[in-house]
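Trainee: Dropping a structure here in structure tokens format, bear with me for questions.
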């Protein structure tokens, strides 16, 4: 009896309906996506930058240099500070406020808050996206340039930069069987 029950259970588990499902149609498929691309990096020893996939996209900065690195925010204010102990965020920064939910009361109103004990930090930065996603046809197209200023202690500002572009999605037709 146990063997019959096991065989029946396996047959049900491996039936097509139990392992996968499909949709009759897909509605509201966008014509394309707006993406940010990294195109400009400063020549700063120990600095690594990657863009993070997602909607909206994010950015991760890692800095292993010997002097302090400051990342500027949306209004040019000091936003992040990378030091030998990790990363601090300026909680009075406009960029920090944009990142926080309205009910977040954990951080002080103004001042520096340790946000990482490693020397890397990633965030969703509004400079990597557009307010609206206009239709831009069937070909990739550059829409806008973005940049984030960075400064090493005692040196002039430099910047991380890139482009925001329209990437059309490939449309496919259902195959008939």
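The values are calculated or read from the model by the stated rules, or taken from the named source; none is laboratory data. As the structure is a prediction and not an experimental result, all values here were calculated from the model. Positions of Cβ are generated from backbone atoms using ideal geometry, with glycine treated the same way; all protein chains shown enter the neighbour counts.
Trainee: For region 82-91, give me each residue that is at negative phi and surrounded by 15 or more Cβ atoms within 10 Å (Cβ to Cβ).
Mentor: Across region 82-91, the qualifying residues are 82, 83, 87, 88, 89, 90, 91.
Trainee: Among 44, 59, 50, which is the only one that is in a strand (DSSP E or B), out of contact with any helix residue (DSSP H, G or I) (no Cβ under 9 Å at 6 or more places or on another chain), surrounded by 10 or more Cβ atoms within 10 Å (Cβ to Cβ) and modelled with pLDDT of 65 or more?
Mentor: Sole residue among the options that is in a strand (DSSP E or B), out of contact with any helix residue (DSSP H, G or I) (no Cβ under 9 Å at 6 or more places or on another chain), surrounded by 10 or more Cβ atoms within 10 Å (Cβ to Cβ) and modelled with pLDDT of 65 or more: 50.
Trainee: Identify, please: which residue in region 62-96 is in a loop (DSSP other than H, G, I, E, B), under 14 Å from residue 126 (Cα atoms) and touching a strand residue (DSSP E or B) at 6+ places or on another chain (Cβ under 6 Å) and is, among those, modelled with the highest pLDDT?
Mentor: 73
Trainee: Within region 156-177, restricting attention to residues that are under 25 Å from residue 51 (Cα atoms) and in a loop (DSSP other than H, G, I, E, B), which residue is modelled with the highest pLDDT?
Mentor: Here the answer is 156.
Trainee: Continuing with this model, one more query. Of the conditions (1) over 23 Å from residue 40 (Cβ atoms); (2) over 19 Å from the mean Cα position of the chain (by Cα); (3) touching a residue at least 24 places away in the same chain (Cβ under 8 Å), residue 89 fails just one. Which one is it?
Mentor: (2)
Trainee: Inside region 71-81, can you point out the residues that are surrounded by 16 or more Cβ atoms within 10 Å (Cβ to Cβ) and either over 24 Å from residue 129 (Cβ atoms) or in contact (Cβ under 8 Å) with a residue 40 or more places away in the chain (or both)?
Mentor: 71, 72, 74, 80, 81
Trainee: Within the set of pairs 6 or more residues apart or between chains, which connect a residue that is at positive phi and part of a loop (DSSP other than H, G, I, E, B) inside region 121-142 to a residue that is loosely packed, with under 15 Cβ neighbours inside 10 Å and at pLDDT below 85 with Cβ atoms less than 9 Å apart?
Mentor: 137/31
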